[in-house]
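Structure first, commentary second.
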Amino acid sequence: MLETNTILEELTAIVGPANLRAAAREDAVCGVAPQFIVEPQTEQHLAAVLSRVSAAGIAAIPRGGGTKLDWGNPPKRAGIILSTARLNHIVEHAWADLTVTVEAGCTLHSLQSTLAKRGQRLAFDGLWPERATIGGALSTNDSGSLRLRFGALRDLIIGVTLALPDGTLASSGGKVVKNVAGYDLPKLAAGAFGTLGVITRAVFRLHPLCRTTRTVTFTSASWGDMQQKLHAIQDSKLAHSGFQIRGHSGGPPHADLLFEATESGLAAQTELLQKLLLSESRGSSIPPSIFVDSSPQIWQARQNLFSTRQKESVIARFSVLPSDLAKAMRWLDPFHSSSHANWQAVVQATGIGFLRLDADPSELPAQIFALREQFERAAGSLVLLRRPESLGSLDAWGNPGDALPLMRAVKLRLDPQSTLNPGRFVGGI
Amino acid sequence: MEARIFQEFRDIVGPRGLITSLEDLRTYECDGLTNFRVLPRAVLLPSTTEQVQSVVRVCHRERIPFVARGSGTGLSGGALPVENGIVISLAKMNRILEVDLPNARVVVEPGVINLDVTCRVLPQEYFYAPDPSSQSVCSIGGNVAENSGGAHCLKYGFTTTHVLGLEVVLPDGSLVHLGGKCLDAPGYDLLGVFVGSEGTLGIATKITLRVVKRPECTRTLLAAFPGTNEAGAAVSGIIAAGMLPAAIEMMDNLAIQAAEAAVHPNYPDCGGLLLVELDGPVAEVAELMQSVEAICRENAATEIRLARTDHERLLVWKGRKAAFAAMGRISPNYIVQDGVIPRTALPHVMTEITRLSREAGLRVANVFHAGDGNLHPLVLYDRQIAGQEQAAEALSYKILELCLAAGGSITGEHGVGEEKKRMMSKMFTEPDLDTMQRVRCAFDPLLLSNPTKVFPTPRLCGEKPGEYVPHPLEISGIAERF
């Protein structure tokens with residue numbers, strides 16, 4: 001279709017010849033090759049491109065830094081990559097009002113560096129900040145350890161501008177932290193995987209950067225014991241900003257707590273935590289080992305799960321109730337029954353976990369189905385993020401529940417031609 | 001409405017669940033915004049989700065518009081009945097269904113009173129954070145519809161931050177579950193869209209809330225300033241110092257006088273009063289409170305008081321929370337407004353409000369959630385004096401336009417409802433509003449659920465792309481639509 005010169009000429013006329021090029025091999029999305037990469041310089045151009053390809057029945061795959069492009073299901077079609085790389089400006093940092101307006105293609109690192117000059121931050125620790133963009137982090141609903149204290153990006157976003165496939169540029173929310181005028185479409189855009197519209201800009205509420213932080217690490221003999229400690233800590237007066245649990249198939253779990261406070265606050269909090277852990281361990285033969293000054297590098301654990309040379313690794317995100325955590329870890333038993341299989345996990349105290357499975361690919365589909373069923377039976381979920389191409393036909397999402405017809409209806413209202421990311425989201429959306 | 005329909009309603013909710021007599025219907029002709037009144041054809045009080053579904057199915061079949069109602073404390077006319085429509089009151093669905101503290105979740109029916117959630121988990125030292133001033137009477141269902149705020153949402157977030165799952169009766173009577181007890185259910189965040197949609201997308205019949213552990217300590221400081229500008233400068237100073245207080249509230253002299261007359265909180269008599277609450281670990285709070293005091297003094301505070309006991313703290317808050325109702329002590333009638341501005345625009349906006357107030361010859365009392373720039377100007381007037389009500393309404397809308405010009409919003413927590421739907425086109429463009437309404441059409445293609453609210457002109461959903469009816473093959477999972 002794209003070979004028809006008229007469309008190509010029209011797209012070139014919109015964005016200029018410098019911002020349109022033929023796709024290369026590495027631009028493929030889950031093995032599906034697009035034909036062109038279009039990099040509009042303004043959101044108006046982006047909307048115009050989207051409207052033009054949509055009218056021609058050509059699919060568009062939105063792309064930011066491309067770091068999470070392999071998440072989700074493979075697209076049914078991939079006509080063009082609609083890149084936000086050139087929409088990367090920080091429009092306004094209203095530091096005295098603790099808000100920022102930023103274009104979707106701005107990298108997390110570039111945004112955070114600008115905010116840090118005023119002692120502020122977007123309270124979000126996303127994956128691959130050097131390359132990942134705001135638009136991509138929002139669309140994929142990425143969330144790290146800080147979510148426990150500050151919420152996810154859905155809780156920090158206060159305004160959004162979306163380009164819809166009919167060329168509409170629509171804003172909702174605003175520039176103020178508190179605002180209930182109209183529907184909360186920023187939340188709809190967050191986590192929609194670019195299937196409803198392309199996020200072109202977002203407004204966020206900000207938080208002050210903390211001057212002094214401390215990471216305290218402790219070990220537990222078992223996941224059951226760890227879950228008890230998790231509950232005791234969450235039920236205590238400790239005011240931590242992050243809480244992750246690291247574990248793997250071959251040993252006991254470790255937990256890291258992040259404290260952000262004044263100097264005296266840090267000392268008091270550490271002492272309180274030590275007391276609490278000791279009293280929790282009373283009666284146990286092994287006292288917990290506690291390291292009160294772990295390296296901040298430890299918070300890279302989630303990202304490190306993805307750095308594997310094994311081509312056959314599967315990376316998944318799961319969600320359980322915190323009280324089901326120890327049980328959920330037992331569901332992983334089949335993954336270390338043989339010497340070839342093992343797993344690694346980084347679980348947040350919110351019940352969101354990241355899991356790496358290294359196992360025989362021929363057995364993986366059945367094992368993943370069984371594992372997902374257990375999570376879903378416990379009201380949770382298991383979503384595949386990264387997997388070998390041989391497992392490309394496995395559904396990434398699992399059961400979206402009884403709201404699927406409603407989700408399809410929303411999709412149909414905003415993207416009736418299924419121009420955006422066709423087939424990549426839940427239920428074939 | 002035909003007799004057979006009333007009979008059908010009666011069969012669903014029982015004779016005691018149906019109100020049709022004129023004098024009883026009067027109770028429901030308005031909500032907390034009393035200058036708009038519409039008499040509904042009937043009020044239904046279902047006591048189960050199934051009953052809500054059955055009632056809504058009848059409405060869908062007969063094309064009868066309906067308005068869901070909680071406690072009726074809303075301040076924007078969101079629960080105002082619509083012409084020829086019915087009101088569905090959720091007041092009978094008021095059970096707390098589950099308390100799961102290991103996961104900090106509480107599951108409630110929509111008619112549960114906001115404060116009752118906190119009361120239920122307080123013995124274990126948890127609380128439900130969103131605390132609108134009406135929290136002792138307003139319902140969780142109403143809070144969900146309005147995305148209610150409150151003084152402490154500066155630190156803890158709004159209702160939307162604390163709602164994890166919903167069971168919703170859609171406008172065609174079908175039942176869906178949005179979100180859930182676990183985070184990040186696969187699919188669109190329709191939960192986030194539903195919260196704050198002001199009853200236009202369906203009726204929530206079960207709500208999963210997140211509750212929060214009470215902090216180690218809470219300290220409240222009162223600081224008196226010569227005027228609101230000095231108080232505002234202190235607020236900016238506190239934020240610039242990198243602090244995130246649990247709440248920062250401001251009142252001007254007229255608001256202080258009213259609160260004193262009503263509940264005697266023993267506030268200092270001054271031009272601008274600041275109430276700053278810090279919570280968290282003891283050591284941390286003590287250190288930060290010293291900084292707050294210093295910042296207040298740098299900004300010309302004339303008096304600083306720390307509430308020493310829980311009793312003193314509650315009294316300080318009582319004055320603030322009673323501020324709206326207290327206006328009755330100093331004026332026969334008043335309009336509560338709910339604008340938001342970027343905090344830095346406060347001095348300019350205050351100067352302009354004073355000017356507009358003088359021009360209109362009407363007094364304006366000011367109560368603010370100062371930390372997040374949410375203003376509640378109270379326009380005082382006397383309905384008995386010809387033309388004053390219209391003048392007061394005009395003034396309150398002018399104040400909202402002022403907020404918009406400063407880059408703010410027409411509502412921070414009270415909602416758009418009936419009152420401010422015409423202001424929506426001043427805040428949003430036609431494509432912005434149209435996009436929101438496309439989402440509404442996905443939920444409610446026949447426009448039956450609170451149809452006349454929020455949007456200045458309801459968008460007809462039309463045939464293109466049309467109401468989505470899944471093919472039987474799709475339902476059975478044999479085929480998919482792409």
To the nearest 10 degrees, the tilt of helix B:253-263 (Cα long axis) against the first principal axis of the alpha carbons of chain B is 70 degrees
Helix B:3-13 sits off the longest principal axis of the Cα atoms of chain B, rounded to the nearest 10 on a 0 to 90 degree scale, by 70 degrees
Rounded to whole angstrom, the alpha-carbon centroid of the range B:91-142 lies from that of the range B:17-41 at a distance of 27 Å
In Å, the C-alpha Rg and Dmax of the range A:305-396 are 12.3, 35
Residues other than A:Thr200 with Cβ under 10 Å of its Cβ, Lys/Arg counted +1 and Asp/Glu -1, net out at -1
One quarter of the C-alpha convex hull surface, i.e. the mean projected area of chain B in nm², amounts to 24.7 nm²
Inter-chain shielding metric for B:340-350, i.e. average beta-carbon neighbours from other chains within 10 angstrom, reads 3
Of B:363-375, B:104-116, ordering from highest average Cβ density within 10 Å down gives B:363-375, B:104-116
Sorted on mean Cβ neighbours within 10 Å (highest first), peptides B:82-92, A:22-32 come out as B:82-92, A:22-32
Within the range A:187-219, DSSP-loop trypsin sites (Lys or Arg not before Pro) with at most 15 other C-beta atoms within 10 Å are A:Arg211
For chain A, the dipole about the Cα centre with charges only on Cβ (Lys and Arg +1, Asp and Glu -1), to the nearest 20 debye, works out at 480 debye
Expressed in nanometres to one decimal, the distance between label points 7 Å along Cα→Cβ at A:Thr212 and A:Arg21 is 5.0 nm
Convex hull around the C-alpha positions of the range A:180-247: the volume in Å³ per residue is 207 Å³
Given pairs A:Lys229/B:Lys321; A:Lys411/B:Lys398; B:Lys213/B:Lys398; B:Lys155/B:Lys181 and cut-off 30 Å on Cα-Cα distance, the over-length ones are A:Lys229/B:Lys321; A:Lys411/B:Lys398; B:Lys213/B:Lys398
Expressed as a percent, the portion of alpha-carbon pairs in the range A:43-110 spaced more than 19 Å apart is 46 percent
Taking chain A and counting helices only, DSSP H stretches of n ≥ 4 at -39,500 (n - 2.57) each over all residues, the nearest-500 ellipticity at 222 nm comes to -7500 deg cm²/dmol
Mean per-residue count of partner chain Cβ within 10 Å for B:426-436 equals 6
Proxy exposure order for A:Asp184, A:Asp358, A:Asp142 (fewest C-beta within 10 Å first) is A:Asp358, A:Asp142, A:Asp184
Once the dipole of the protein assembly as shown is set up from charges on Cβ (+1 Lys and Arg, -1 Asp and Glu), the residue from the list A:Ser319, B:Phe36, B:Gly173 lying farthest towards its positive end is A:Ser319
In units of 2.2 N^0.38 Å, the Cα radius of gyration of the range A:1-79 is 1.06
Measuring from its Cα centre, the range B:331-437 shows a charge dipole (+1 at each Lys and Arg Cβ, -1 at each Asp and Glu Cβ) which, in debye to the nearest 20, is 340 debye
The base-10 log of I(q)/I(0) that the Debye equation returns for the range B:1-74 at q = 0.14, 0.18, 0.20, 0.27 Å⁻¹, one scatterer per C-alpha, is -0.45, -0.74, -0.90, -1.42
log10 I(q)/I(0) for the range A:213-300, Debye formula on C-alpha points only (no solvent), q = 0.16 Å⁻¹, two decimals, reads -0.59
The Rg/Rh figure for the protein assembly as shown, Cα atoms and Kirkwood Rh, to two decimals is 0.96
Note on the range B:295-391: alpha-carbon gyration tensor, axes a ≥ b ≥ c; rule is a/c under 1.5 for rounded, else prolate if a/b larger than b/c, else oblate; result oblate
Descending packing, highest mean Cβ count within 10 Å first, for A:394-402, A:94-102 is A:94-102, A:394-402
Plugging the Cβ-Cβ distance of A:Gln228 and B:Glu23 into 1/(1 + (r/R0)^6) at R0 = 56 Å yields, to the nearest 0.05, a FRET efficiency of 0.40
Once both label points are put 7 Å beyond Cα along the C-beta direction, the A:Lys275-A:Val32 separation in nm becomes 5.8 nm
The computed P(r) of chain A puts the percent of Cα pairs beyond 37 Å at 28 percent
Binned at 10 Å from zero, the C-alpha pair distances of the range B:98-162 give percents of 23, 59, 18
Expressed to one decimal in nm², the mean projection of the alpha carbon convex hull of the range B:330-460 is 9.1 nm²
Long-range alpha-carbon pairs in the range B:158-286, meaning those over 25 Å apart, account in percent for 53 percent
With a ≥ b ≥ c from the Cα gyration tensor eigenvalues, square-rooted, and the rule rounded for a/c under 1.5, otherwise prolate when a/b > b/c and oblate otherwise, the range B:215-326 is oblate
At 37 °C in a medium of viscosity 0.692 mPa s, the range A:90-208 has a Stokes-Einstein diffusion coefficient, with Rh taken as the Kirkwood radius over alpha carbon pairs, in µm² per second, of 234 µm²/s
Note: A:347-360 gets an average of partner chain Cβ contacts (10 Å, Cβ to Cβ) equal to 1
Inter-part gap, Cα centre of the range A:171-218 to Cα centre of the range B:306-343, in whole angstrom, is 30 Å
Note on the range B:96-213: the mean projected area of its alpha-carbon convex hull, in nm², is 6.9 nm²
Cβ-Cβ cut-off under 15 Å around B:Ala91, Lys and Arg +1, Asp and Glu -1: the net charge is 0
About its Cα centre, the protein assembly as shown carries a charge dipole, from +1 on Lys and Arg Cβ atoms and -1 on Asp and Glu Cβ atoms, whose size in debye to the nearest 20 is 400 debye
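Taken together, the values in this text are just the output of simple stated rules run on the coordinates, not laboratory data. None of these values were measured; they are calculated from a predicted model. We place every Cβ from the backbone using ideal geometry, glycine too, and count neighbours over all the protein chains shown.
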